[in-house]
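The next block holds one structure in the form of structure tokens; read it before the comments.
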Amino acid sequence: MNDTFYELLVKKNKPDSSAIIMSAINIIAIVCMLVLTLYTQFAMILVIALGFVFYYLVYPKLSVEYEYSLLNADLTVDAVYNKTKRKNILTMDIKTLETAFPTSSPKMNGQRNGKRIDCSTGDMTSSYCLIFPNSGENILLFITPDTHMLDMLKRVSPRAFM
């Protein structure tokens with residue numbers, strides 16, 4: 001068996017302001033809850049319900065990691081939210097890869113049309129853009145591979161990296 005398998009987990013960079021914003025939201029929520037407990041219980045129940053919705057829907061989306069799995073010629077990209085919930089973003093055959101280049105490359109200027117899926121760390125100097133055809137339109141997948149994954153991708157689809 002000549003199966004090749006490689007997994008890579010990269011963490012999406014959060015802007016520095018997100019910690020300040022989250023702290024401010026938490027402080028505002030606590031102050032609102034304390035103030036509303038003095039006035040009405042209905043408003044307190046509403047604030048608690050909104051707090052739970054925020055905690056279960058917004059908080060998990062703040063910490064995102066992407067897992068790239070390469071098995072032979074199949075690339076699977078999963079998003080891991082808050083290290084607890086996993087969602088499959090994309091599964092593609094690398095043999096159908098049209099072209100691949102660094103996002104800092106001048107080739108990126110001509111690539112504007114197509115569906116963009118950003119699964120990179122946010123650092124455009126080390127990210128790559130992979131372009132796949134998919135039912136009449138192109139998919140522009142942005143990933144941040146390490147050197148080993150990049151070598152494996154080049155081995156599977158060498159014409160795309162020229």
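The values are calculated or read from the model by the stated rules, or taken from the named source; none is laboratory data. Since we're looking at a predicted model, the values are computed, not measured. Quick reminder, even Gly has a Cβ in these numbers, built from the backbone with ideal geometry, and neighbours come from all protein chains shown. Note: accessible area is taken over every heavy atom of the protein model, side chains too, but ligands, DNA and RNA are not part of it. Shrake-Rupley method; radii C 1.70, N 1.55, O 1.52, S 1.80 Å.
List of remarks:
- Residues of segment 107-129 classified as without any contact (Cβ under 8 Å) to a residue 40 or more places away in the chain and either open to solvent by 50 Å² or more (accessible area, probe 1.4 Å) or outside any strand (DSSP E or B) (or both), total: 15
- Complete set of residues in segment 26-69 that are outside any helix (DSSP H, G or I) and within 30 Å of the chain's Cα centre (by Cα): Val58, Ser63, Val64, Glu65, Tyr66, Glu67, Tyr68, Ser69
- Qualifying residue in segment 68-82 (condition: in contact with a helix residue (DSSP H, G or I) (Cβ under 9 Å, 6 or more places away or on another chain), open to solvent by 30 Å² or more (accessible area, probe 1.4 Å) and acidic (Asp, Glu)): yes
- Looking across segment 146-162, just one residue is under 15 Å from Asp74 (Cα atoms) and either under 15 Å from the mean Cα position of the chain (by Cα) or assigned to a loop (DSSP other than H, G, I, E, B) (or both), and that is Ser157.
- Of all residues in segment 90-105, those that are more than 25 Å from Ser63 (Cα to Cα), in a loop (DSSP other than H, G, I, E, B) and open to solvent by less than 50 Å² (accessible area, probe 1.4 Å) total 2.
- With respect to the stated conditions, Thr76 fails to be without any contact (Cβ under 8 Å) to a residue 24 or more places away in the chain, farther than 21 Å from Asn13 by Cα and either part of a strand (DSSP E or B) or hydroxyl-bearing (Ser, Thr, Tyr) (or both).
This table checks each residue for (1) in contact (Cβ under 8 Å) with a residue 40 or more places away in the chain; (2) over 17 Å from Leu153 (Cβ atoms); (3) charged (D, E, K, R); (4) surrounded by 14 or more Cβ atoms within 10 Å (Cβ to Cβ).
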position: Glu7; (1), (2), (3), (4): yes, no, yes, no
position: Ala49; (1), (2), (3), (4): no, yes, no, no
position: Tyr55; (1), (2), (3), (4): no, yes, no, no
position: Pro60; (1), (2), (3), (4): no, yes, no, yes
position: Asn88; (1), (2), (3), (4): no, yes, no, no
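- Taking segment 130-144 as the range and being within 15 Å of Ile89 (Cβ to Cβ) and surrounded by 14 or more Cβ atoms within 10 Å (Cβ to Cβ) as the test, the residues that pass are Leu130, Phe132, Ile139, Leu140, Leu141, Phe142, Ile143, Thr144.
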